[in-house]
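See below for the structure under consideration.
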Amino acid sequence: MRTTSAGWTAGRIAAVVVGAILSLVALTLVGAGGTAVYLASHDGGYIDLGTGRYAHRTDTYAMTTDSWRADKQMAGLTDDLRITFKPDNPSDPVFVGLADEGKLRQYLNGVQHVTIHDSSGKGDTESRHPGGTPGTPPGKAGVWVAQASGQGAQTLNWSVKSGDVAAVVMKADGSRGQAGHVTVAAKIAWLPWIGAASLLAGLLVLAGSVLLIVRPLRRARGRAA
């Protein structure tokens with residue numbers, strides 16, 4: 001039996017510092033992993049993208065978005081997209097559609113509508129397009145990759161595919177005017193596995209960091225080894 005020398009040596013100090021740094025890394029991994037696991041198990045795995053706080057209003061026949069490549073967004077990790085429109089008037093007939101950009105522009109050619117470029121608490125930044133009434137009600141246009149219609153809040157779900165798409169909100173009967181809130185949510189591919197891996201890695205790193213801190217503390221107090 002021998003006794004480890006007491007006191008703080010350079011090696012022991014370094015071990016505690018490294019252990020403290022690793023513990024912060026571990027807590028970050030555990031926090032990120034736990035959050036990812038929670039999000040993956042909550043609301044069907046959909047993550048709210050924070051758009052629902054903005055109000056949208058038009059006196060035209062349609063509100064559309066700029067086009068985007070959903071398969072390229074978020075490094076291509078998005079699996080599914082969910083778009084919900086909740087009208088200010090619950091009795092309004094609502095149509096929500098998602099279409100290839102070219103087909104949507106063709107449908108809206110000559111139709112009075114607005115394209116929303118950005119939104120904030122102060123309102124929408126938009127472009128207004130002159131025109132008349134839609135020649136065909138939106139539900140019969142036949143251009144949609146996903147759609148939902150009915151009275152009150154409506155939600156469409158879309159499994160992300162390659163290509164430029166744009167979304168539109170109209171009244172289901174093709175009449176003028178619409179007001180309400182749009183909520184967009186996305187389901188992230190592999191999120192449960194990413195979260196579980198991060199959580200496991202964090203716990204392993206945390207265990208190692210505890211050892212790096214505890215062993216020098218014990219030896220510095222001159223305990224028997």
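Readers should treat all values here as calculations from the given coordinates under stated rules, not as data from a laboratory. What you see is a predicted model, and the numbers here were worked out from it, not measured in a lab. All Cβ positions, even for glycine, are placed from backbone atoms using ideal geometry, and neighbour counts span all protein chains on display.
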(Q) What does the charge count around Ile116 come to, taking other residues whose C-beta lies under 10 Å from its C-beta (Lys +1, Arg +1, Asp -1, Glu -1)? (A) -4
Q.
Could you work out the relative contact order of the range 92-185? I mean the mean sequence separation of Cα pairs under 8 Å and 6+ apart, divided by the number of residues, in percent.
A. 42
Q: Please report, in Å, the Rg and the Dmax of the range 12-72, where both are computed over Cα atoms only.
A: 21.7, 72
Q | the chain: antiparallel DSSP beta bridges as a percent of all, rounded to 5 | A | 90
Q: Provide the descending list of Cα extents for the chain along its principal axes, expressed in whole angstroms.
A: 94, 33, 29
Q) Summing +1 for each Lys or Arg and -1 for each Asp or Glu, what net charge is found among the other residues whose Cβ lies under 15 Å from the Cβ of Asp92? A) +1
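Explain nothing, just the number: dipole magnitude of the chain about its Cα centre with +1 on each Lys and Arg Cβ and -1 on each Asp and Glu Cβ, in debye rounded to the nearest 20. All intermediate terms of the calculation are to be shown ahead of the outcome.
Values: 22 positive and 16 negative charges, 323 e Å.
Roughly 1560 debye for the chain.
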Q.
Please give me the summed charge of the neighbours of Leu39: other residues whose Cβ is under 15 Å from its Cβ, Lys and Arg +1, Asp and Glu -1.
A. -2
Q: Give the share of C-alpha pairs in each 5 angstrom bin for the range 158-225, from 0 to the last occupied bin, in whole percents, shortest bins first.
A: 3, 10, 10, 10, 9, 9, 7, 7, 6, 6, 5, 5, 5, 4, 2, 2, 1, 0
Q: Using θ = phi - 60° and the Karplus relation 6.51 cos²θ - 1.76 cosθ + 1.60, list the HN-Hα couplings for the range 170-175 in order, rounded to whole Hz, with x at every Gly or Pro.
A: 9, 7, 4, 8, x, 7
**Q.** Unsatisfied cross-links (Cα-Cα over 24 Å) in the set Lys86/Lys140; Lys72/Lys171; Lys103/Lys161; Lys72/Lys140
**A.** Lys72/Lys171; Lys72/Lys140
Q. FRET efficiency for Lys161 and Thr51, Cβ-Cβ distance as r, R0 = 25 Å, nearest 0.05?
A. 0.75
Q: For helix 10-41, report the angle its Cα long axis makes with the longest principal axis of the Cα atoms of the chain; keep it between 0 and 90° and round to the nearest 10°.
A: 30
